Amino acid sequence: MPLSVTESLALRSSEDVVRMRQWVRARAVGIGFSLVDQTKIVTAASELGRNILEHGGGEGHVYLDLPTHNSKIGIQLTFEDKGPGIADIEQALKDGFTTGGGLGLGLGGARRLVNQFEIASRPGEGTRITITRWKGP
Amino acid sequence: MERIPILKMGGFLLITIQVDMHDRLAMTLQNDVTDMIVKTRARGVMIDISMLDMVDSFIGRMLGSIASMSRILDAETVVVGMQPAVAITLVELGLSLTGVRTALNVDKGMELLRSSIERKEANGAFVRD
Ligand SMILES: Nc1ncnc2c1ncn2[C@@H]1O[C@H](COP(=O)(O)OP(=O)(O)OP(=O)(O)O)[C@@H](O)[C@H]1O
Ligand SMILES: [Mg+2]
């Protein structure tokens with residue numbers, strides 16, 4: 001079985017978010033994701049990447065893994081920043097909640113677009129969000 | 001500066017988004033469309049997104065603001081050619097694109113623009129009587 005290698009990308013600008021979308025798309029295509037599955041993981045990634053720029057102190061990193069589980073392959077992305085963190089995670093996940101001028105759809109929407117969603121955040125320390133989407137069906 | 005071209009066709013503006021837009025590019029497009037509506041007195045705006053393989057909340061919000069700003073300037077906006085995978089993803093994301101008219105392709109979009117402008121003109125004539 002091939003060893004999974006973690007890749008990473010720094011996020012500092014909205015051009016980096018575009019680069020990240022293309023990178024995630026390429027990996028999703030590479031492991032045979034359907035077009036809909038590709039689009040879902042890329043869209044979730046775009047939301048979380050932009051959140052780092054807008055709310056997470058303006059810079060951070062994305063890590064990409066291709067884990068396997070019960071002979072299924074998937075894409076796992078981890079978004080990390082050392083920004084202000086999220087005081088009330090429940091509230092932040094609610095559709096429509098925003099502290100910026102957004103629609104407040106990014107976090108909740110990203111959670112709906114993937115199979116697993118984990119979030120760890122501490123005020124003043126930063127935020128780490130890990131999402132996984134398995135190759136369907 | 002990098003820009004998305006806006007074509008003028010008859011009384012309409014036609015925008016074909018062919019690149020994966022970063023956020024500033026999307027903001028520039030929004031401003032450019034508004035300027036062009038004013039400059040050309042266009043009555044309709046058609047945005048072809050058939051080449052976009054992803055629409056996230058930011059791009060969705062931009063489409064919504066173009067639609068509402070053009071409405072204020074008395075122009076109709078229609079978004080055409082959304083890929084099925086993009087539409088499915090948008091629904092799950094929770095973005096409803098309220099206020100944004102959509103059509104399957106450029107031809108249908110053109111029909112929609114023409115008929116809604118004719119309707120507006122008919123109503124306008126009635127009000128003026
Ligand atoms: N990385 C982060 N660091 C700190 N706060 C965050 C982070 N990501 C999200 N948040 C907080 O969670 C809120 C909700 O995020 P969400 O992405 O759902 O909405 P939004 O970014 O405000 O708007 P939208 O994504 O619809 O444009 C944000 O307004 C912000 O307060
Ligand atoms: Mg967001």
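The values are calculated or read from the model by the stated rules, or taken from the named source; none is laboratory data. Just so it is clear, the model here is predicted, and its values are computed rather than measured. Cβ placement follows ideal geometry from the backbone for every residue including glycine, while neighbour counts extend to all protein chains displayed. Accessible surface areas use protein heavy atoms only, side chains included; no ligands, DNA or RNA. Shrake-Rupley method; radii C 1.70, N 1.55, O 1.52, S 1.80 Å.
Do you know which of the residues in segment B:98-107 that are touching a helix residue (DSSP H, G or I) at 6+ places or on another chain (Cβ under 6 Å) and surrounded by 16 or more Cβ atoms within 10 Å (Cβ to Cβ) is nearest to the other protein chains (Cβ to nearest Cβ)?
B:VAL100
Suppose we filter segment A:15-44 for residues that are more than 9 Å from every other protein chain (Cβ to nearest Cβ) and either in contact with a Pro (Cβ under 9 Å, 6 or more places away or on another chain) or small (Gly, Ala, Ser) (or both); how many remain?
Total meeting the criteria: 4.
Filtering segment B:52-78 down to residues that are within 14 Å of chain A (Cβ to nearest Cβ) and part of a loop (DSSP other than H, G, I, E, B), which residue is nearest to ligand 1 (Cβ to nearest atom)?
Of everything passing the filter in segment B:52-78, B:ASP56 is nearest to ligand 1 (Cβ to nearest atom).
When segment A:127-137 is examined, which residues are found to be assigned to a strand (DSSP E or B) and either more than 6 Å from ligand 1 (Cβ to nearest atom) or open to solvent by 70 Å² or more (accessible area, probe 1.4 Å) (or both)?
A:ARG128, A:ILE129, A:THR130, A:ILE131, A:THR132, A:ARG133, A:TRP134
Among the candidates A:ILE31, A:ILE86, A:ILE73, single out the residue that is closer than 22 Å to B:VAL86 by Cβ and touching a residue at least 24 places away in the same chain (Cβ under 8 Å).
A:ILE31
Which pairs do you get when a residue that is within 14 Å of chain B (Cβ to nearest Cβ) and in a loop (DSSP other than H, G, I, E, B), found in segment A:100-126, comes within reach of a residue that is open to solvent by less than 70 Å² (accessible area, probe 1.4 Å) and near ligand 1 (Cβ under 7 Å from one of its atoms), reach meaning Cβ atoms under 7 angstrom, with the pair 6+ apart or on two chains?
Final answer for the pair search is A:GLY102/B:SER57; A:LEU103/B:SER57; A:GLY104/A:THR98; A:LEU105/B:SER57.
Identify the residue in segment A:86-99 that is near ligand 1 (Cβ under 6 Å from one of its atoms) and more than 14 Å from chain B (Cβ to nearest Cβ) and, among all such residues, is most open to solvent (accessible area, probe 1.4 Å).
Within segment A:86-99, the subset near ligand 1 (Cβ under 6 Å from one of its atoms) is A:86, A:92, A:97-99.
Now narrow it down to the ones that are more than 14 Å from chain B (Cβ to nearest Cβ): A:86, A:92, A:99.
Values: A:ILE86: 39, A:ALA92: 16, A:THR99: 114 Å².
If we take residues in segment A:86-99 being near ligand 1 (Cβ under 6 Å from one of its atoms) and more than 14 Å from chain B (Cβ to nearest Cβ), then A:THR99 is most open to solvent (accessible area, probe 1.4 Å).
For (1) at pLDDT 95 or above; (2) hydrophobic (A, V, I, L, M, F, W, C); (3) closer than 19 Å to A:ARG133 by Cβ, each residue gets a yes or a no:
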residue: A:ALA26; (1), (2), (3): yes, yes, yes
residue: A:LEU53; (1), (2), (3): yes, yes, no
residue: A:GLY57; (1), (2), (3): yes, no, no
residue: A:ILE86; (1), (2), (3): yes, yes, no
residue: A:GLN91; (1), (2), (3): yes, no, no
residue: A:GLY104; (1), (2), (3): no, no, no
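Give me a count of the residues in segment A:82-120 that are basic (Lys, Arg) and more than 14 Å from ligand 2 (Cβ to nearest atom).
1
Specify the residue that is least open to solvent (accessible area, probe 1.4 Å); the eligible residues are those in segment B:1-12 that are free of Cβ contacts under 8 Å to residues at least 40 places away in the same chain and within 13 Å of the chain's Cα centre (by Cα).
B:ILE6
Considering only residues that are outside any helix (DSSP H, G or I) and closer than 28 Å to A:LYS72 by Cβ, look in segment A:12-56 and name the one that is most open to solvent (accessible area, probe 1.4 Å). Explain how you work it out, then say what you get.
Here is the first cut: in segment A:12-56, the residues outside any helix (DSSP H, G or I) are A:12-13, A:31-34, A:55-56.
Adding the requirement that they be closer than 28 Å to A:LYS72 by Cβ leaves A:31-34.
Numbers: A:ILE31: 27, A:GLY32: 42, A:PHE33: 10, A:SER34: 58 Å².
The residue in question is A:SER34.
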